[in-house]
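Student: There's a structure below that I have some questions on.
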Amino acid sequence: SAVISQKPSRDICQRGTSLTIQCQVDSQVTMMFWYRQQPGQSLTLIATANQGSEATYESGFVIDKFPISRPNLTFSTLTVSNMSPEDSSIYLCSVDERAYNEQFFGPGTRLTVL
Amino acid sequence: AQSVTQPDIHITVSEGASLELRCNYSYGATPYLFWYVQSPGQGLQLLLKYFSGDTLVQGIKGFEAEFKRSQSSFNLRKPSVHWSDAAEYFCAVGTTSGTYKYIFGTGTRLKVLA
């Protein structure tokens, strides 16, 4: 199974600033996903990040607010732009290991916006 | 619309008692079904998955789940709960048509009494 790391593990940011979260996988994967988990809530898919193409965003999420990069098959970044306290969440990346037909999740990035 | 419902937000059981967590889904095609566990401060760990075949699937940590197509359910069970099972449990559907992605339920928080 894939081993996924995320940086930073947590951060406290001021409103109006931006934070870029990195997701690194120890093997090449086709599909990577970014999720948001607001306090006490379930996981909500933000977007699917495919290498070599634009990310596909879910309803309610836009590229200007959550730009995503996927420069290669082992790495992706999610930027949370112009942050407000409502963006305080855990952000998780996951990868789809089609050989296993399941998603493996990173440890998450806990973001607090003041 | 595709959705996953976990009717029980909180469940409390005594250590050693049996456990059943409910999951109902709405999906037009045959879904892939998953149960994940999230311990406090931890990432998501896959407990078990169902794709096809035997409707009773065994997972890690002594968990099992049964797929009932007629009831659109995929309930998670454990015959004897351990204190270390206290966590948040998420049921998820993996879409098998169109863009492959997960839809998560709202989660059930399990508390175990000593």
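Read-outs: derived from the displayed coordinates by stated rules, not from any lab. The structure displayed is predicted, hence computed values, not measured ones. All Cβ positions, glycine included, derive from the backbone under ideal geometry; neighbour counts span all protein chains shown.
Student: How long are the semi-axes of the ellipsoid equivalent to segment B:12-114, from square roots of 5 times the Cα gyration tensor eigenvalues, in whole Å, largest first?
Tutor: 24, 15, 11
Student: Additional query: To the nearest whole number, what is the average tally of beta carbon atoms from other chains within 10 Å of the beta carbons of peptide B:39-45?
Tutor: 4
Student: Follow-up question, since we're still on this one. Please give me the summed charge of the neighbours of B:Ser80: other residues whose Cβ is under 13 Å from its Cβ, Lys and Arg +1, Asp and Glu -1.
Tutor: -1
Student: Further question on the same structure: Would you mind classifying segment A:3-46 by shape? Square roots of the alpha carbon gyration tensor eigenvalues, ordered a ≥ b ≥ c; an a/c under 1.5 is rounded, otherwise it is prolate if a/b is larger than b/c and oblate if not.
Tutor: Taking the square roots of the gyration eigenvalues as a ≥ b ≥ c, segment A:3-46 is oblate.
Student: Also: What share of the DSSP beta bridges in chain A is antiparallel, in percent to the nearest 5?
Tutor: Given both bridge residues lie in chain A, the antiparallel proportion sits at roughly 90 percent.
Student: Mind checking which aspartates and glutamates have their Cα closer than 17 Å to the Cα of B:Lys111? Skip sequence neighbours fewer than 8 apart in that chain.
Tutor: The reachable aspartates and glutamates, counting only those whose Cα sits under 17 Å from B:Lys111, are B:Asp8, B:Glu15, B:Glu20, B:Asp85, B:Glu88.
Student: At most 13 other C-beta atoms within 10 Å and a DSSP loop state: those are the exposed trypsin sites (Lys or Arg not before Pro) I care about. Give me the longest piece of chain A that has none.
Tutor: A:16-97
Student: Enter the mean number of other protein chain beta carbons within 10 Å of the beta carbon of each residue in A:30-43, as an integer.
Tutor: The per-residue average across the peptide is 3.
Student: Sort B:Leu46, B:Leu113 by Cβ crowding within 10 Å, fewest neighbours at the top.
Tutor: Placing the least packed residue first, the sequence is B:Leu113, B:Leu46.
Student: Then there is this: Take every residue in peptide B:99-106, count the Cβ atoms of other chains within 10 Å of its Cβ, and give the average of those counts.
Tutor: The shielding value for this peptide is 6.
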